[in-house]
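> Below is the structure I would like to discuss, written out as structure tokens.
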Amino acid sequence: MAVYILRRLISTIAVMAMVGIFIFLLLRLAPGDPAAIIAGDTASSESVAGIRQQLGLNDPLPVQFAHWALGILGGNFGTSIFTGRPVLQLISQRLEPTASLAVSTLFFSVAFGVAFGILAAWRAGGLVDRLLTSFSALAFSVPVFVVGYFLVYWMAIKQSWLPVQGYVSVEESVSSWLVHLILPTLSLGLFYIAFIARITRTSVLEVLSEDYMRTAAAKGASPYALLFHHALKNAGVPILTVIAICFAYLISGVVITETVFNIPGVGRLVVDAINNRDYPIIQGVLILASGMYVLVNLAADLAYTLIDPRIRY
């Protein structure tokens, strides 16, 4: 087990190194002068030269990467071209809304997705199973922003049940914080509920058809024990895998949802950085998001051995 963990840690470091090289080269090897792209079409040659000096673009490429990588390892993600403030500071200020939305959506999706999937597998071919199939097809087909605008019109504008847009910090008011998260969580979570429910249904249904499940039923095991102690436990690896995949999808989905609901999170920060051609912010967000995704996958791989003791890599 210790050898496997060490191998996974080494591979994680190698993956992050490759991701870092790719993100670094996105700006440096793009067509045209990166400094001219950042400065804009109407910038003077002095402005372009100043940006080149600020970004260190006059140094050789290996030297530029070494400075950038050492800065990342030391917590220095560079300085915003547009605001002149440290990138890490800007990201940290926007982290709470994004983390709140991501965590609420993940818990909401996992709770309902796993429950619906188990119920559909237990009553395969029945009304609940057919309803889940129809809901999944609809949730997969409708974009997140369409669901968001529909919920805003129906629940916020027409019924006046919830606020239309915005975000309230949990430090200001817990109740307002929760209320402002309901609509974005619903609009973002419906897709993930359908995704998790379909995989859960398939995995549990496959386990229920195994011989040892029929043997347990013949020995008098209760339906609760069959479903939760035997079936769900043995179907846990695919379910855990799809939850990790949902986290990757969640990173891109949060950007769209924050724009729709005017949430001042990291997604809005990226959109503003793209509009302002603020490449240091884009690079900083990309490297942090990639690191989070790699760590979640590492945690999922390690959790496989706890769910299924037969797994020993």
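> Taking R0 as 51 Å, what's the FRET efficiency between Thr42 and Leu95 from their Cβ-Cβ distance, rounded to 0.05?
For R0 = 51 Å, the calculated efficiency reads 0.90.
> Among (i) 65, 52, 33; (ii) 82, 58, 37; (iii) 64, 37, 36, only one was calculated for this model; which label is it, if the read-out is Cα extents along the principal axes in Å?
(ii)
> Let me ask something else about it. How much accessible area per residue does region 95-197 have, in Å², with a 1.4 Å probe? Provide the component values of the computation, followed by the final result.
Working: 5330 Å² over 103 residues.
Here the per-residue accessible area is 52 Å².
> Now for a different question. Within 10 Å, at most 12 other Cβ atoms, and a DSSP state outside H, G, I, E, B define an exposed site. Report the longest part of the chain free of exposed GluC sites (Glu not before Pro).
On the way: sites that count: Glu171, Glu172.
My reading of the result: 1-170 is the longest stretch.
> A follow-up question, please. Using a 1.4 Å probe on the protein chains only, how many percent of the accessible area of region 8-153 belongs to carbon and sulfur?
72
> Let me ask something additional. Could you check the simple spin-label distance between Ala49 and Ser160, using points 7 Å along Cα→Cβ, in nm with one decimal?
Using points 7 Å along Cα→Cβ, the separation is 6.2 nm.
> If you place +1 on the Cβ of every Lys and Arg and -1 on the Cβ of every Asp and Glu, how big does the dipole about the Cα centre of the chain come out, in debye to the nearest 20? Display every interim value, and only then the final one.
Numbers: 18 positive and 16 negative charges, 181 e Å.
Using only the charged Cβ atoms, the result is roughly 860 debye.
> So how far apart, in nm, are the two label points at Leu88 and Leu138 if each is 7 Å from Cα heading toward Cβ?
Computed distance between label sites Leu88 and Leu138 equals 4.7 nm.
> Something else: In nanometres, what is the gap between the two model label sites at Ser175 and Ala111, each 7 Å from Cα along Cα-to-Cβ?
1.9
> Could you work out how far the C-alpha centroid of region 152-189 sits from that of region 202-254, in angstrom?
The two parts, judged by their Cα centres, are 33 Å apart.
> Taking Cα atoms, how many degrees apart are the long axis of helix 236-260 and the longest axis of the chain, rounded to 10 and kept between 0 and 90?
40
> Sort 7-13, 275-281 by packing, meaning the average of other beta carbons within 10 Å per residue, with the highest value first. Intermediate values should be presented prior to the final figure.
Working: 7-13: 12.6, 275-281: 18.6.
Output ranking for 7-13, 275-281: 275-281, 7-13.
> Turning to a different aspect of this structure: Suppose the chain between Ala69 and Arg123 were pulled fully straight at 0.36 nm per residue; how much longer would it get relative to their current alpha carbon spacing? Before the final figure, lay out each step's value.
On the way: separation 54, 0.36 × 54 = 19.44 nm, distance 5.35 nm.
Roughly 14.1 nm would be gained on extension.
> Once the Cα atoms of helix 174-208 and of the chain are each reduced to a long axis, what angle between those two axes, in degrees from 0 to 90 to the nearest 10, is obtained?
Roughly 50 degrees, rounded to the nearest 10.
> Only Cα pairs within less than 10 Å get springs; with that Gaussian network setup on the chain, which residue of Asp211, Asp272, Asp301 has the largest fluctuation?
Asp211
> Using a 1.4 Å probe on the protein chains only, how many percent of the accessible area of region 234-288 belongs to carbon and sulfur?
On the way: 1310 of 1950 Å².
Carbon-and-sulfur percentage of accessible area, whole number: 67.
> Given a 1.4 angstrom probe, what's the average accessible area per residue across region 239-301, in square angstrom? Write out the running numbers ahead of the final one.
Values: 2370 Å² over 63 residues.
Each residue of region 239-301 exposes 38 Å² on average to a 1.4 Å probe.
> While we're here: Give the angle, between 0 and 90 degrees and rounded to the nearest 10, that separates the Cα long axis of helix 45-55 from the longest principal axis of the Cα atoms of the chain.
Long axis of 45-55 versus the principal axis of the chain: about 50 degrees.
> Please compute the length gained on full extension between Arg8 and Asn276, using 0.36 nm multiplied by the number of residues separating them and subtracting their Cα-Cα distance.
Values: separation 268, 0.36 × 268 = 96.48 nm, distance 3.83 nm.
Length gained between Arg8 and Asn276: 92.7 nm.
> State the dimensionless ratio Rg/Rh of region 33-186 (Rg: radius of gyration of Cα atoms; Rh: Kirkwood radius). Show your work: numbers first, answer last.
Numbers: Rg = 23.7 Å, Rh = 20.4 Å.
Radius of gyration relative to Kirkwood radius: 1.17.
The values are calculated or read from the model by the stated rules, or taken from the named source; none is laboratory data. A quick note: this is a predicted structure, and the numbers were derived from the prediction, not measured. Heads up, the Cβs are rebuilt from the backbone with ideal geometry, glycines too, and the neighbour counts pull from every protein chain shown. Calculation scope for accessible area: heavy atoms of the full protein, side chains included, ligands and nucleic acids excluded. Shrake-Rupley method; radii C 1.70, N 1.55, O 1.52, S 1.80 Å.
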